[in-house]
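For reference, the structure discussed in these notes is given below.
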Amino acid sequence: LCGDAHLSNFGAFMAPDRRLVFSLNDFDETLPGPFEWDVKRLVASFAVAGRDRGFDDPVRRKIALEVGRAYREAMRGFAQMRNLDLWYARVDVEELFERMARELSPKVVKRAEKNIAKTRAKDSIRAFDKLVGRVDGELRIVGDPPLIVGIRDLFSAFDAEAIETSVRDILR
């Protein structure tokens, strides 16, 4: 199971072929377990979002049932696919947007177009520029404590050079 299947962990990102796709984009809590946990968390996240947006109980119930139905139908379709076809299955954002734009208000369409443009601007070069800097003439990952901490900072109480050498030896 994904372990983290909720509304906020779905989004658009660039696939390797530079097509904008919509999918689950957070697998940091993946673990063995019953798939039902993912379905329950996904449906619950829509209910919470609906409550946050001020939707009444009947509307939230309808949304929850629709999310469960869509999940069930998608899994049924995926189960009938060959492995290679499943591997390449994707939700293309441009195609999805074209289908939905006719049903959306001009304000929502404009906001969606802005979000799509913003997502298209995020690429590996931009990530590289954000995450990497030069230290003593060499490229290094830029620290961002507490998430990204250099080994010297992490092990300052220990012999950082010996640890760094050991890590380098392991990676060779």
*Among the helices (runs of 4 or more DSSP H) lying completely within the range 63-151, list those that include at least 3 residues that are surrounded by 10 or more Cβ atoms within 10 Å (Cβ to Cβ) and not aromatic (Phe, Trp, Tyr).*
93-101, 106-121, 124-131
*Before we move on, is residue 31 crowded, with 16+ Cβ neighbours inside 10 Å and either touching a residue at least 40 places away in the same chain (Cβ under 8 Å) or in contact with a Leu (Cβ under 8 Å, 6 or more places away or on another chain) (or both)?*
no
*Taking residue 46 as the residue in question, decide whether it is surrounded by 13 or more Cβ atoms within 10 Å (Cβ to Cβ), aromatic (Phe, Trp, Tyr) and either within 26 Å of residue 126 (Cα to Cα) or more than 18 Å from the chain's Cα centre (by Cα) (or both).*
no
*Taking residue 82 as meeting all but one of (1) modelled with pLDDT of 90 or more; (2) within 19 Å of residue 12 (Cβ to Cβ), write down the number of the exception.*
(2)
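The values are calculated or read from the model by the stated rules, or taken from the named source; none is laboratory data. The model shown is predicted, which means the values in this text are computed figures rather than measured ones. Note: ideal-geometry Cβ built from the backbone for every residue, glycine included; neighbour counts use all protein chains shown.
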